[in-house]
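The values are calculated or read from the model by the stated rules, or taken from the named source; none is laboratory data. Fair warning: this is a prediction, and the values are worked out from it, not measured in the lab. In this analysis, Cβ positions are derived from the backbone assuming ideal geometry, glycine residues included, and neighbour counts consider all displayed protein chains.
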Amino acid sequence: MQLKAIADFLFEVGMLKRTPRSGFQFLGTGNETVAEHSLRAAVIGYVLGRMSGTLSTDRIVLMCLFHDLVEARTGDLNYVNKKYVKADESTALQDMTAGLPFGEEIRCLTEEFNRRATPESESAHDADQIEMILQLKELGDLGNRYAKDWITAAVKKLRTDDGRRLARSILNTDFSAWWFKEKEDDWWVNANQDEASEK
C-alpha cells in the first residue's frame, strides 16, 4: 500500500474545507465550502438510494463524495466563470489520484457521475442539486428574495421522481422546523429551569 501517496491525497482533500463555492457571490448572501456541500450531498445521495429501494446506495454516496474532488486543484467555477474559463478536470483528477491503489475506482465513479448514463449517476446529480436547494431554501427563509429564482432553476434540473418528491417536501418545510417545533413541549419552557436545578 502506497501510504505516502495516500497521506498526500488526504492532505489535498483537506483543501476542499478551504475552497469556497463561488456562486454565492452572485446571490449576495450565504457561503459554503466545497467540503460542506459534498458532505450534505452524500447524505442526500444515501437518502435517495434508500428511497429508490433498488439502486446501489453505496455508488450514489461515493459519487456524491467524489464529484467535486478535483476542485481541490481547479477551484469552484460558477456558471459565469464557466462561460470564459475551462478547467481541465480529467487531468486534475488523473494527477490527484495517480499512485493511489484505489485511484482507478475514484476516477471511474467520477466519470460515471459526469456521464449521467446510469440511474445511480442520475440520483447523485439530483443529490447535488437538492443540496443547493436546501441551502437556497435556508437563505430564502432568512429573507434573501433572490433565492426563489435560483430554486426554480435548480428544481428544473432534477431528473428522478424521488428527487422531485424530496425537493417538494423540502420546499414545503421551514428550515428551522426540525428543532423549533419543540417550543410547544415542556422542554422548551423548562430547559433553563432544569439546568438551574441541577447545579
**Prompt:** Based on what the data block shows, is Thr152 β-branched (Val, Ile, Thr) and touching a His at 6+ places or on another chain (Cβ under 9 Å)?
**Reply:** no
**Asked** Mind checking which residues of region 139-170 are among the acidic types (Asp, Glu) and without any contact (Cβ under 8 Å) to a residue 60 or more places away in the chain?
**Response** Asp141, Asp149, Asp161
**Prompt:** Assuming Arg50 fulfils every condition listed in (1) exposed (fewer than 13 other Cβ atoms within 10 Å of the Cβ); (2) assigned to a loop (DSSP other than H, G, I, E, B); (3) not aliphatic (A, V, I, L, M) apart from one, which condition is it?
**Reply:** (2)
**Complete:** Inside region 5-46, the number of residues satisfying the requirement of being under 21 Å from Phe113 (Cβ atoms) and aromatic (Phe, Trp, Tyr) is 2
**Residue ID - farthest from Asp8 (Cα to Cα), chosen from residues in region 63-121 that are β-branched (Val, Ile, Thr) and outside any loop (DSSP other than H, G, I, E, B)** = Val80
**Message:** Just to be sure before I move on: is Ser90 surrounded by fewer than 20 Cβ atoms within 10 Å (Cβ to Cβ), of a type in the set (S, T, N, Q), modelled with pLDDT of 95 or more and closer than 24 Å to Arg59 by Cα in the structure I sent?
**Reply:** yes
**Prompt:** Of the conditions (1) more than 10 Å from the chain's Cα centre (by Cα); (2) of a type in the set (Gly, Ala, Ser); (3) at negative phi, Ala42 fails just one. Which one is it?
**Reply:** (1)
**Message:** Step by step: first the residues of region 26-37, then only those that are assigned to a helix (DSSP H, G or I) and either without any contact (Cβ under 8 Å) to a residue 24 or more places away in the chain or out of contact with any Leu (no Cβ under 6 Å at 6 or more places or on another chain) (or both), then the one that is surrounded by the fewest Cβ atoms within 10 Å (Cβ to Cβ). Which residue is that?
**Reply:** Phe26
**Asked** Among the residues of region 100-118 satisfying the criterion of being buried (at least 17 other Cβ atoms within 10 Å of the Cβ) and in contact (Cβ under 8 Å) with a residue 12 or more places away in the chain, which is farthest from the chain's Cα centre (by Cα)?
**Response** Leu100
